[in-house]
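I have placed the structure first, in the form of structure tokens, so that the comments after it can refer back to it.
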């Protein structure tokens, strides 16, 4: 087992954690969490033996083989499958020796062949090919040189190489960053079956929940081991945080925010399993949210200035590159109420469709009709690369802001995205991937788009920022088209799921659990057929022979929903007004109760102070009761109005 005894780690004079003692037993699957800079990577280095603790001892069995996923891959001329095979070091060494039998005597050859058979060397190439297929590689790519792949695909190769190792300890640092949803689901299944000890750094809550049985959390220079998956950890941690009054108040605020969405979707719960699934996700988020009471991110999407319907339409569209058609006969209409999640296997055409929607890629056929009021907010990985490295966040925001906007307003806006005073004025050339992603997102939010088109927006974002993004998208009043490997984000934000597959774009009738089952069946069929990345031609959860994604009745439903939303808007605005009043009153009442609990306040010379506090308390309680009564009446009025629509 891995044992820490009074371990302390420092980096650059800063204490990461101190006097940590615990045991990690063989076979445990541990999620390592904490804010950026807390010390997760340093602990990995200590587990690898490349960093010695400043105090205490860290030990693990000497005979263990440790597999670790490096963050960079050199542009090698080695074939991709050979690069993956080299992850099994013993196999690779024996294979290299057997290629030169003339340099070995008979005893050495016999020993090598015997050991090669013991470690299943003859089936290793098939195992490597399966790993590559699971991570999204086409069969013909196995023989391509590592140098021919882009950075993201090299990271996939590196992950496959790491998994190829016959290890007792597996250390994975953000393995899902460059994966799409189908590869993540495959990796989940692989890691569940992994027999060794796993220590995993990830910002994907669903991924952590599916795999881990313990959470090791770094916070306030302490290392704490929690039993259970990430959801259990969040619940346990939130209970601890709730002991502090300030944390408790924000916890209630967050729960109330989520409850409003649960109430809204309960009214639609009978319409489809997907709606039911979304309610379950929101209810789950209600339990998880309190763990984020100390998040530095509190942003919201600004209300679009102008709106029309439809905002964007594709008619009989074919998409692709040059003479290569990836998908055809696409009919898609985006209205202000559209909330679309795009699904599809790697290479099916999700990103191609996104680029065609934003007008970045010319259509091969068909028509793209954009409203004059269309204002797209497009987030993709190249948006981060388009940032001006020589300019600070403050300067880049000022360039697109109205000159009348005060500097204080701009700074407050950037602060909601986690930029401190110093970082606001620092050129972003030195920024981390997470900081660049947050800045790119902030610049999009500022421009008040009426359609958000987001291609993997959570890459490089930590758990707190992902949570803040989910909350903000729920409040956003425009249309959303989303590609993401984060299931909770899709389930919490999207009303409709579209599947890009086999040259078509069709509506997926099931939920994300159905999609996971469909993918597993797809892989099983591929293995039977001996093909790669070709899913079944008739996936059961998908509506067959449906080329027009926006049926007349569905569009009518959306228009009706928009009308209902407009009719209820005044009531909802008034409810929010009273909620704001209550949120201001409650903290002050808590402060007064704390002051009234001070025995010194009841001294004779403090009589005036006591009376003043009691009068203020009575006044605030009266105002609170009135606000709560008014809000209750409005909520009942809203409920009656919404029920009349059914």
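The values are calculated or read from the model by the stated rules, or taken from the named source; none is laboratory data. Computed from a predicted structure; not experimentally measured. Here the Cβ is made from the backbone with ideal geometry for all residues, glycine too, and neighbour counts use every protein chain on show.
Of (1) assigned to a helix (DSSP H, G or I); (2) under 30 Å from residue 1 (Cβ atoms), residue 87 satisfies all except one. Which?
(1)
Those residues that are outside any strand (DSSP E or B) and touching a residue at least 12 places away in the same chain (Cβ under 8 Å), I need them from the range 311-322; list them, please. It would help to see each step written out before you state the result.
Filtering the range 311-322 for residues outside any strand (DSSP E or B) gives 311, 322.
Within the range 311-322, just 311 meets the criteria.
What number of residues within the range 45-81 are assigned to a helix (DSSP H, G or I), touching a strand residue (DSSP E or B) at 6+ places or on another chain (Cβ under 9 Å) and modelled with pLDDT of 90 or more?
3
Pick from the range 1-38 the residues that are more than 15 Å from residue 213 (Cβ to Cβ) and within 21 Å of the chain's Cα centre (by Cα): which of them is modelled with the highest pLDDT?
Start the filter on the range 1-38 by keeping residues that are more than 15 Å from residue 213 (Cβ to Cβ), which leaves 3-21, 34-38.
Those still in the list that are within 21 Å of the chain's Cα centre (by Cα) too: 34-38.
Numbers: 34: 85, 35: 78, 36: 73, 37: 74, 38: 81.
Ranking the candidates gives 34 first.
Somewhere in the range 96-114, is a residue in contact (Cβ under 8 Å) with a residue 24 or more places away in the chain and either touching a helix residue (DSSP H, G or I) at 6+ places or on another chain (Cβ under 9 Å) or surrounded by fewer than 18 Cβ atoms within 10 Å (Cβ to Cβ) (or both)? Please lay out each step first, then the result.
So in the range 96-114, the residues in contact (Cβ under 8 Å) with a residue 24 or more places away in the chain come out as none.
Looking through the range 96-114, none of the residues is in contact (Cβ under 8 Å) with a residue 24 or more places away in the chain and either touching a helix residue (DSSP H, G or I) at 6+ places or on another chain (Cβ under 9 Å) or surrounded by fewer than 18 Cβ atoms within 10 Å (Cβ to Cβ) (or both).
Being modelled with pLDDT under 90 and surrounded by fewer than 15 Cβ atoms within 10 Å (Cβ to Cβ) is the requirement here; does residue 435 meet it?
Values: modelled with pLDDT under 90: yes; surrounded by fewer than 15 Cβ atoms within 10 Å (Cβ to Cβ): no.
Answer is no for this residue.
Would you point out which residue out of 363, 410, 397 is farther than 14 Å from residue 445 by Cβ and either assigned to a loop (DSSP other than H, G, I, E, B) or outside the structural domain of residue 329 (by TED's automatic domain parsing) (or both)?
Details: 410 fails: farther than 14 Å from residue 445 by Cβ; 397 fails: farther than 14 Å from residue 445 by Cβ.
Just a single option satisfies the conditions, and that option is 363.
Taking only pairs six or more apart or across chains, which ones have beta-carbon atoms under 6 Å, a first residue in the range 323-334 that is outside the structural domain of residue 503 (by TED's automatic domain parsing) and in a loop (DSSP other than H, G, I, E, B), and a second residue that is surrounded by fewer than 19 Cβ atoms within 10 Å (Cβ to Cβ) and modelled with pLDDT under 95?
Filtered contacts from the range 323-334: no entries.
Do the conditions hold for residue 357, that is, is it modelled with pLDDT of 90 or more, out of contact with any helix residue (DSSP H, G or I) (no Cβ under 8 Å at 6 or more places or on another chain) and surrounded by 17 or more Cβ atoms within 10 Å (Cβ to Cβ)? Outline the logic, then answer.
Details: modelled with pLDDT of 90 or more: yes; out of contact with any helix residue (DSSP H, G or I) (no Cβ under 8 Å at 6 or more places or on another chain): yes; surrounded by 17 or more Cβ atoms within 10 Å (Cβ to Cβ): yes.
When the stated conditions are applied, residue 357 passes them.
Having 2 or more residues that are surrounded by 20 or more Cβ atoms within 10 Å (Cβ to Cβ) and in contact (Cβ under 8 Å) with a residue 24 or more places away in the chain is the bar; report the strands (runs of 3 or more DSSP E) wholly within the range 180-242 that clear it. Let's see the steps before the verdict.
Working: elements: 197-201, 214-219, 222-227.
In the range 180-242, 197-201, 214-219 are the strands (runs of 3 or more DSSP E) which contain 2 or more residues that are surrounded by 20 or more Cβ atoms within 10 Å (Cβ to Cβ) and in contact (Cβ under 8 Å) with a residue 24 or more places away in the chain.
State which residue pairs qualify: first residue modelled with pLDDT under 70 and inside the range 630-646, second residue assigned to a helix (DSSP H, G or I) in any location, beta carbons under 7 Å apart, and separation of 6 or more residues or different chains.
Short answer, once both residue conditions are applied: 642/568; 645/564.
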